[in-house]
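Here is the structure we will look at.
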Amino acid sequence: MKKWIEAMRLRTLPVSLSGVLAGSACAIMCESFRFVPALLCLLFATLAQVASNFANEYFDYKNGLDKKGRAGFRRGVTEGDISPQAMKLATYATLVLAAMVGLLMLFYGEWWMVIVGALIGVFALAYSAGPYPLSHHGLGDVAVVIFFGIVPVTLTCYLQTGSWAGLSLSFPTSLSVGLLAANVLVVNNYRDVDDDKQVGKHTTVVLFGRKTMSRWYLLAGLIGVCVMWKVWMQLSLFSWIIPLIYLFLHISTWKALTQSEGSALNPLLGKTAKNLLIYSLGLLLCSLIVPFFG
């Protein structure tokens, strides 16, 4: 069981949770929070990320991109803990579960959500597989902004409000969450840059270098907070403590990033994901208490 828990990469799951929490906060601000659609979005997002993590492990092994004793988290397939066939089966089984949850969402949404769900499933695989794997060509960061930021935040809000009326709140929030989520990938690729170079995997860190991407890590956090300024303005003055707390944690993590390498970066990957979760939970909390502040 432990080997499968490791393969799920629990330290990064706050990324998928954060998008749904932020989208729910937008729905609350629109006075349209609905528990069941929010729960379905949470289950779907989590299953989709787990499927993507499984697929990444399987296809990277299949394509010879992983090696034993890597600096990153233990890869069960590469280390022989999990058979390739079992990981492949787990990938598609998890996608099927996600699809089943997605179908339940149709009770609250429209038919076109089937297309969106299918695209999310394709992304879960295309990130690491196919003729043009996104993570191998410097497109992983963009994909994360879209599928862990824009898509979950806006659709979670839409599913609860029943319209796009909350888009003025959910879209800037989605960009913010997407940029902060992409920083998790920056840390991952920052750690693996030497291994990725050897196997021809062109991540953004390989393409632009550690120094440039460490600066981008810092800047992305600052931009992520700033694009939401109108959202924070609609909340109480008290709410500004959330972005300030996030920026403190973000800068602290960035400083550690610039001073670490190899396996020492593993805790920073989890911290980056936790910083995002704190940010999203803070937004949700503020959306709940703002009525009490008038």
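The values are calculated or read from the model by the stated rules, or taken from the named source; none is laboratory data. Quick caveat: nothing in here was measured; it's all calculated off a predicted structure. Methodologically, a virtual Cβ is constructed for each residue, glycine included, from the backbone with ideal geometry; neighbour enumeration extends over all protein chains shown.
For the reader, a short list of remarks on this structure follows.
- Subset of the stretch 198-249 (residues that are without any contact (Cβ under 8 Å) to a residue 40 or more places away in the chain and polar (S, T, N, Q)): 198, 212
- The residues in the stretch 75-118 that are outside any helix (DSSP H, G or I) and closer than 14 Å to residue 155 by Cα can be counted, and the count is 5.
- Helices (runs of 4 or more DSSP H) contained entirely in the stretch 191-294, each with at least 1 residues that are crowded, with 20+ Cβ neighbours inside 10 Å and of a type in the set (S, T, N, Q): 204-208, 241-258, 266-289
- Considering residues of the stretch 122-146 that are in contact (Cβ under 8 Å) with a residue 40 or more places away in the chain and under 14 Å from residue 45 (Cα atoms) only, the residue surrounded by the fewest Cβ atoms within 10 Å (Cβ to Cβ): 123
- Meets criteria (of a type in the set (Gly, Ala, Ser) and assigned to a helix (DSSP H, G or I)) for residue 174: yes
- Filter result for residue 121 (under 24 Å from residue 13 (Cβ atoms), part of a helix (DSSP H, G or I), in contact with a Gly (Cβ under 7 Å, 6 or more places away or on another chain) and not aromatic (Phe, Trp, Tyr)): no
- Screening 98, 7, 71 for residues that are over 19 Å from residue 276 (Cβ atoms), modelled with pLDDT under 85 and buried (at least 21 other Cβ atoms within 10 Å of the Cβ) leaves exactly one candidate, 7.
- Within the stretch 109-121, considering residues that are more than 20 Å from residue 182 (Cβ to Cβ) and surrounded by 17 or more Cβ atoms within 10 Å (Cβ to Cβ), the one nearest to the chain's Cα centre (by Cα): 121
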